[in-house]
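Just below is one structure, and these are the notes that go with it.
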Amino acid sequence: MSRPEIGQLGADDTRWVAARIAEAFMVLDQPRWLVPDEAKRESVLAGNFEIIVEHATRHGLVFGTADRAGVAVWLPSVGEPLPPPEDYDARLALACGEWTPNFVHLDELFAANHPHADHHHLALLAVRPDRQGQGVGTALLGHHHAWLDANGMPAYLEASSETSRDLYARHGYRVAEPFRLPDGTPFWPMWREPVAG
């Protein structure tokens with residue numbers, strides 16, 4: 001199978017990128033705690049991801065495959081911390097409704113476990129369900145890892161399943177002790193040092 005073509009995405013792509021991530025994340029355990037109502041889960045997730053993706057198109061990097069099968073959202077954490085998304089609290093409440101406190105808790109959990117050293121944060125990586133296991137995620141990782149390695153920049157992420165944790169480990173990420181949602185569902189913090197050329 002040929003390597004997918006990958007390009008940088010912009011603000012006009014925000015909505016479909018958010019929808020792609022929500023679709024891919026529906027199989028994970030974390031969204032069940034975030035949005036217990038299965039009928040509303042995907043639309044609430046998409047609304048939340050739209051805030052993050054739009055923020056990344058302004059302050060980070062969003063990459064996608066040409067066929068829209070996969071996307072990666074990177075946020076640089078170098079020097080001064082990034083500003084929060086514009087009108088974040090109001091937009092989060094609008095997107096998440098009655099489940100807003102769950103998303104606030106998630107934000108606080110991520111912040112409490114986020115490393116302080118300079119790095120690029122892989123905030124979100126998603127592949128359309130029918131394309132998973134076909135190298136799309138690997139291609140997206142390799143695309144930005146090449147830049148990170150050339151510039152001596154580490155990377156960080158929170159893996160949300162054992163499958164993704166193992167994928168990232170194959171790409172040089174070291175796993176630390178998981179932190180957990182109130183229902184016990186884990187996230188695995190992972191760190192990757194740049195590979196010297």
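The values are calculated or read from the model by the stated rules, or taken from the named source; none is laboratory data. Note that this is a predicted model, so its numbers are computed, not measured. Ideal geometry is used to build each Cβ from the backbone, glycine not excepted, and the neighbour counts take in all protein chains shown. These area figures cover heavy atoms from the full protein model, side chains too; ligands, DNA and RNA do not enter into them. Shrake-Rupley method; radii C 1.70, N 1.55, O 1.52, S 1.80 Å.
General remarks:
- Accessible area expressed per residue, the range 6-153, with surrounding protein chains retained (probe 1.4 Å, Å²): 48 Å²
- Take Glu80: with every protein chain present and a 1.4 Å probe, its accessible area is about 150 Å².
- By accessible area with a 1.4 Å probe, ligands and nucleic acids excluded, highest first: order of Thr57, Thr14: Thr57, Thr14
- Residue-count net charge about Ala18 - beta-carbon cut-off 12 Å; Lys, Arg +1, Asp, Glu -1: -3
- Computing FRET efficiency as 1/(1 + (r/R0)^6) for Arg32 and Ala150, where r is the C-beta to C-beta distance and R0 is 35 Å, gives about 0.35.
- Calculated [θ] (222 nm, deg cm²/dmol) that DSSP helices of n ≥ 4 give over the chain, each run adding -39,500 (n - 2.57): -13500 deg cm²/dmol
- Highest mobility in the GNM of the chain, judged by mean-square fluctuation with C-alpha springs under 10 Å and restricted to Gly142, Gly60, Gly184, is found for Gly184.
- Carbon and sulfur %, accessible surface of the chain computed with the full protein complex present, 1.4 Å: 52 percent
- Between Asp29, Asp37, Asp67, the residue with the greatest mean-square fluctuation in the GNM of the chain (Cα pairs under 10 Å linked by springs) is Asp67.
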